[in-house]
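Input: a single structure, listed below in structure tokens.
The values are calculated or read from the model by the stated rules, or taken from the named source; none is laboratory data. Nothing here was measured: the structure is a model prediction, and the numbers come from that model. All Cβ positions, glycine included, derive from the backbone under ideal geometry; neighbour counts span all protein chains shown.
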Amino acid sequence: MSEQAFVSDASAEEQEDLACSLLSKHFGDFAAVDKVSFSIARGAFFSILGPSGCGKTTLLRMLAGFQEPDSGDILIKGRSVLHTPPNKRPVNMVFQHLALFPTMSVAGNIAYGLKRKGIPKREHEALINDVLDKVQLPGYGNKRIDQLSGGQKQRVAIARCLVLKPAVLLLDEPLGALDLKLREQMKIELKRLQQEFNTTFVYITHDQSEALVMSDQVAVMNKGRFEQVGTPQELYYQPATAFVAGFIGDSNQYVGQVQEQSGETITLVTEHGVRLLSHSSQPMPAGAPITVFIRPEVMQISMVKPETEQDNCLQVTILRTLFDGARSQLQVETAEGAVLTVALPQTADFHALEPGRSVYVSWQANQCLCFPVPAETEAQPEVAQ
Amino acid sequence: MSAGPGGSFSRTQYRLGFWLLLAPVVLWLGLLIILPHIDMVLVSLRERVASRQYEFSFSNYITFFAEPLYWNTFVRTAVMSIVATLLTLMIAFPVSFYIAKVLSGRPKMALFILCLIPFWVSELVRTYGWMILLRETGLISGALQWLGFIDQPVELLYNDAAIMVGLIYTSMLFMVVPLVTTLDSLDNSLIEAGYDLGGSSWHVMRSIVIPHAMPGIMSGCIVVFMLTLGNYLTPTLLGGKDSLWFTEQIYTQFITRFNWEQGAAFGILLLVLSSLIVWAGLKVTKQSFTRVMS
């Protein structure tokens with residue numbers, strides 16, 4: 001970008017803490033990050049969600065400065081940081097295994113960055129106490145790192161970065177090492193800290209629940225590219241691609257063929273021969289191969305055929321119940337042999353359900369999604385299963 | 001313990017096994033280390049008054065302090081050993097850092113093995129190697145003449161620098177191995193975190209890498225210092241008559257003068273000296289002996 005662009009676009013640039021344009025990184029022939037562009041509004045909690053090996057760690061390391069992009073640009077507060085070494089960038093990183101310095105105390109860890117920043121020593125104590133209060137570890141300054149629990153280490157790692165008031169805080173799956181209960185607590189805690197410090201967070205994870213719970217914006221990454229960027233609700237209810245629909249939340253996935261389209265409703269037949277109605281905003285020619293996604297929680301179970309007209313209503317046989325408290329599910333099979341997973345509400349009505357029993361599941365056409373099967377995966381439809 | 005009839009028997013067996021396994025260590029320590037040292041102390045504390053007649057006396061120690069040559073040699077050996085240890089550390093640290101943190105895979109193994117290979121031949125052969133290089137008719141002297149820097153052969157052997165070169169070369173491996181091991185155990189993300197929080201290379205080295213490597217540095221230094229202080233071959237061969245190494249004094253007393261009492265006293269003094277310096281080194285760097293040696 002030229003200097004003039006900065007001046008004329010100053011107000012827009014001011015609102016963005018971090019922007020990337022056409023960022024790429026290749027390892028040999030493998031494109032780890034492939035022409036990724038995005039911008040993050042000031043003070044947002046931005047997550048990059050993707051399966052392992054999708055390039056999200058490479059992307060984060062480029063933002064931190066530990067890896068050089070092959071092409072593209074990174075702007076932090078409107079300034080390119082491509083030629084800025086990691087120790088000069090206004091970003092800080094919470095490492096996957098936290099990387100607290102074991103040879104220093106908690107206060108020593110926090111003071112390390114303050115010293116490097118040239119903040120006078122007499123101000124250190126007040127700053128350290130202040131940030132320890134904010135992460136709810138008051139009086140922990142003199143503790144050694146090995147005296148802390150997992151959650152406390154987590155907080156120290158965040159405090160150590162936030163005390164430096166970075167423009168952007170990068171978090172590399174920091175909750176991965178925690179047990180489930182603590183992880184749930186830290187999700188809420190991280191969100192609280194982000195709001196309290198009002199710092200832009202870039203959080204990478206493969207755990208969709210972490211991304212959905214905490215983020216203002218989530219980018220779903222696959223094979224080095226962003227599939228979709230949006231709010232958690234958008235990703236969940238309006239996935240833009242088949243990958244996002246399959247990756248976010250649970251889904252029953254079927255490969256099928258379009259039979260006909262009337263308006264925004266498609267009639268399709270799955271490979272098992274089940275006829276379904278689905279919503280689709282884009283036109284689909286008859287005979288085109290498509291993948292249909294049905295979420296377990298949109299389907300309603302009933303003992304008798306529902307009286308009101310439903311777009312889709314299947315008579316199915318219960319295979320087994322998968323009990324998981326409030327997340328319990330029912331596996332059912334249609335007469336044609338297609339297996340569906342249905343959310344099982346934990347109400348008294350459904351306690352008597354036993355394998356082998358025949359029930360009805362029904363849902364509206366606009367509650368399922370379908371996407372055309374891309375040409376290159378057409379030859380191997382079993383992937384979609 | 002089992003309560004059955006075989007209980008006491010298996011207990012006896014267990015005891016026997018324990019002592020049998022311990023026996024080699026006890027025998028080795030007792031017969032080869034503790035007994036000789038006790039005997040050395042006793043020998044050093046007696047004086048021959050007539051043939052085969054000895055009396056308790058401190059005269060051997062008094063001789064050491066009264067005779068400036070002994071005293072000077074003693075201090076010189078200690079100072080040279082400390083300098084050799086520090087120089088070895090300064091050369092070995094960057095090498096170890098490069099092997100442990102910069103390289104990976106095959107080049108890492110290759111370089112590590114390159115450090116190891118010279119130690120497959122005996123110290124004597126390695127020292128002769130240096131003599132071939134450094135002597136008046138040696139390779140370096142010849143090369144310098146051929147290049148025209150000097151017009152007559154130059155003797156590079158038999159001075160302190162030659163001793164130092166030999167000592168450092170001999171000790172290198174014993175510094176590189178513990179350093180590579182400790183640096184290998186340093187998580188790369190700690191180094192990255194050091195940079196990420198604003199540190200320059202110098203800061204990262206000083207506040208993160210060196211504190212982490214301190215146990216390795218100290219254990220390397222202790223081993224190198226002990227080996228250097230007790231080295232006989234290298235100072236004698238490379239330093240010649242003027243090398244004035246304390247082990248030579250001990251050798252002279254035992255072998256040339258047949259004065260075992262004086263030699264024993266020197267030996268005990270060397271042991272006390274090395275223990276004191278190691279202790280002081282650990283105190284100064286605030287390291288504990290058990291941690292350094294683990």
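Go over the candidates B:Arg257, B:Arg291 one by one and state the one that is surrounded by fewer than 17 Cβ atoms within 10 Å (Cβ to Cβ), within 14 Å of chain A (Cβ to nearest Cβ) and not acidic (Asp, Glu).
It is B:Arg291.
Could you list, ordered by first residue, the pairs with Cβ atoms under 8 Å in which the first is in segment A:268-294 and free of Cβ contacts under 8 Å to residues at least 24 places away in the same chain and the second is buried (at least 19 other Cβ atoms within 10 Å of the Cβ), at least 6 apart or interchain?
Filtered contacts from segment A:268-294: A:Val269/A:Gly256; A:Val269/A:Leu276; A:Arg275/A:Leu268.
Looking only at segment A:219-233, decide whether some residue is over 25 Å from A:Ser52 (Cβ atoms), at pLDDT below 90 and not basic (Lys, Arg).
No, there is no match, as no residue in segment A:219-233 is over 25 Å from A:Ser52 (Cβ atoms), at pLDDT below 90 and not basic (Lys, Arg).
Select from segment A:52-80 the residues that are part of a strand (DSSP E or B) and touching a strand residue (DSSP E or B) at 6+ places or on another chain (Cβ under 9 Å) and list them in ascending order.
Of everything in segment A:52-80, those that are part of a strand (DSSP E or B) and touching a strand residue (DSSP E or B) at 6+ places or on another chain (Cβ under 9 Å) turn out to be A:Ser71, A:Gly72, A:Asp73, A:Ile74, A:Leu75, A:Ile76, A:Ser80.
Tell me which residues, restricted to segment A:149-163, are over 16 Å from A:Asn129 (Cβ atoms), small (Gly, Ala, Ser) and either within 14 Å of chain B (Cβ to nearest Cβ) or surrounded by 24 or more Cβ atoms within 10 Å (Cβ to Cβ) (or both).
Hit for segment A:149-163 is A:Ala157, nothing else.
Does B:Thr170 meet the test of being β-branched (Val, Ile, Thr), buried (at least 16 other Cβ atoms within 10 Å of the Cβ) and more than 30 Å from A:Phe66 (Cα to Cα)?
The answer is yes for B:Thr170.
Quick test for you: out of B:Met214, B:Met226, B:Met218, pick the one residue that is surrounded by fewer than 21 Cβ atoms within 10 Å (Cβ to Cβ) and under 16 Å from the mean Cα position of the chain (by Cα).
Being surrounded by fewer than 21 Cβ atoms within 10 Å (Cβ to Cβ) and under 16 Å from the mean Cα position of the chain (by Cα) holds for just one of B:Met214, B:Met226, B:Met218, which is B:Met226.
Is it true that A:Ser280 is over 24 Å from A:Ala242 (Cα atoms), surrounded by 12 or more Cβ atoms within 10 Å (Cβ to Cβ) and among the polar types (S, T, N, Q)?
No, not satisfied.
Here is a check on your reading of the model: is A:Ile301 closer than 28 Å to A:Ser328 by Cα and of a type outside the set (Phe, Trp, Tyr)?
The answer is yes for A:Ile301.
Take the residues in segment A:101-112 that are within 11 Å of A:Ala159 (Cα to Cα) and not β-branched (Val, Ile, Thr); name whichever of them is farthest from the other protein chains (Cβ to nearest Cβ). Step through it out loud before you land on a result.
So in segment A:101-112, the residues within 11 Å of A:Ala159 (Cα to Cα) come out as A:106-107, A:109-111.
When the remaining residues are screened for being not β-branched (Val, Ile, Thr), the result is A:107, A:109, A:111.
Numbers: A:Ala107: 14, A:Asn109: 9, A:Ala111: 10 Å.
Looking at the filtered set, the residue picked out is A:Ala107.
Among the residues that make up segment A:63-76, is at least one of them within 12 Å of another protein chain (Cβ to nearest Cβ), in contact (Cβ under 8 Å) with a residue 60 or more places away in the chain and under 24 Å from A:Leu18 (Cβ atoms)?
Yes, segment A:63-76 contains at least one residue that is within 12 Å of another protein chain (Cβ to nearest Cβ), in contact (Cβ under 8 Å) with a residue 60 or more places away in the chain and under 24 Å from A:Leu18 (Cβ atoms).
Looking at segment A:72-112 only, could you name the residues that are of a type in the set (Lys, Arg) and surrounded by 21 or more Cβ atoms within 10 Å (Cβ to Cβ)?
In the first step, residues of segment A:72-112 are kept if they are of a type in the set (Lys, Arg); the result is A:77, A:79, A:88-89.
Matches in segment A:72-112: A:Arg89 only.
Provide a single number: the residues in segment B:181-191 that are surrounded by fewer than 20 Cβ atoms within 10 Å (Cβ to Cβ), part of a helix (DSSP H, G or I) and at the interface with chain A (Cβ under 10 Å from one of its Cβ atoms).
3
Only one of these is in contact with a helix residue (DSSP H, G or I) (Cβ under 7 Å, 6 or more places away or on another chain) and under 28 Å from A:Gln259 (Cα atoms): A:Thr317, A:Thr308, A:Thr334, A:Thr341. Name it.
A:Thr341
In the set A:Glu184, A:Glu173, which member is of a type in the set (D, E, K, R), over 24 Å from A:Ser105 (Cβ atoms) and within 13 Å of chain B (Cβ to nearest Cβ)?
None of the others qualify; the one that does is A:Glu173.
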